[in-house]
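Take a look at the structure set out below.
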Amino acid sequence: YKDIEWVNSFIEYHNLNKLLSFLQIEDEVVHTRFNTIVATGRTSSSKPNIQNVPRGEGIRSIFSARPNKGIISRDYKALEMATLAQVCYDRYGFSKMRDLINQGVDLHTYYASKLLKIPVEQVSKDARQKAKAVNFGFPG
């Protein structure tokens with residue numbers, strides 16, 4: 001649908017609105033609002049969504065810590081996937097995901113290789129990123 005002009009306009013509008021939310025910060029301090037558990041079972045934040053700052057666009061570089069303070073950024077690699085794998089193992093006595101995680105396999109790269117029918121070594125960064133949407137989408 002990207003060939004349809006209004007679809008592209010809508011996508012651009014949505015992306016610009018998302019970026020704008022990061023620029024509307026009160027008194028130069030981020031006062032994000034956290035929701036501890038939403039319908040997906042995850043946490044979320046808003047005004048701005050500090051848990052999902054866009055890559056690129058220079059947005060992440062606008063954040064800095066106050067004097068004598070620091071910013072901690074944590075991304076627990078495949079935490080949700082590992083949790084799902086353990087739940088499956090506890091319920092059914094086996095989990096291919098659990099086995100792969102315990103072998104040190106990157107699940108997103110692994111699944112991208114299966115989807116594209118290519119060796120793991122040939123999975124590009126872009127293909128891995130796209131596989132993440134599938135990995136998180138199927139369990140939902």
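The values are calculated or read from the model by the stated rules, or taken from the named source; none is laboratory data. Since this is a predicted model, take the numbers as computed values, not measurements. Here the Cβ is made from the backbone with ideal geometry for all residues, glycine too, and neighbour counts use every protein chain on show. Accessible surface areas use protein heavy atoms only, side chains included; no ligands, DNA or RNA. Shrake-Rupley method; radii C 1.70, N 1.55, O 1.52, S 1.80 Å.
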Going by alpha carbons, how many degrees (0 to 90, nearest 10) lie between the helix axis of 125-137 and the longest principal axis of the chain? 80 degrees
Listed highest first by mean packing, meaning other Cβ atoms within 10 Å per residue, what order do 95-104, 114-123 come in? 95-104, 114-123
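What percentage of the solvent-accessible surface of the chain, computed with a 1.4 Å probe over protein heavy atoms, is contributed by carbon and sulfur atoms? Write out the running numbers ahead of the final one.
Working: 6190 of 11450 Å².
Carbon with sulfur: 54 percent of the solvent-accessible area.
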Which entries of K77/K130; K77/K125; K18/K77; K47/K77; K18/K130 have Cα-Cα distances beyond 23 Å here? K18/K77; K47/K77
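Take the alpha carbon gyration tensor of region 100-140, find the square roots of its eigenvalues, order them as a ≥ b ≥ c, and report rounded if a/c is under 1.5; if not, report prolate when a/b exceeds b/c, else oblate. Spell out each step's value before the answer.
Numbers: a/c = 1.86, a/b = 1.12, b/c = 1.67.
The shape class here is oblate.
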Nitroxide proxy distance, nm - points 7 Å out along Cα→Cβ at V87 and V7: 3.3 nm
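At a Förster distance of 25 Å, what's the computed FRET efficiency of K132 paired with I37, Cβ-Cβ distance as r, to 0.05? Present the calculation step by step, with values, prior to reporting the outcome.
On the way: r = 22 Å, r/R0 = 0.86.
Step by step, r from the Cβ atoms, then E = 0.70.
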Write down, largest first, the equivalent ellipsoid semi-axes of region 16-131 in whole Å, where each equals the square root of 5 times an eigenvalue of the alpha-carbon gyration tensor. 34, 19, 13
Spin-label point model (7 Å from Cα, Cβ direction): what's the Q122 to N68 distance in nm? 5.8 nm
Long-range amide H contacts for S45: which residues qualify at under 5 Å (H placed 1.01 Å from N, peptide plane, sequence gap of 5 or more or a different chain)? N35, Q51
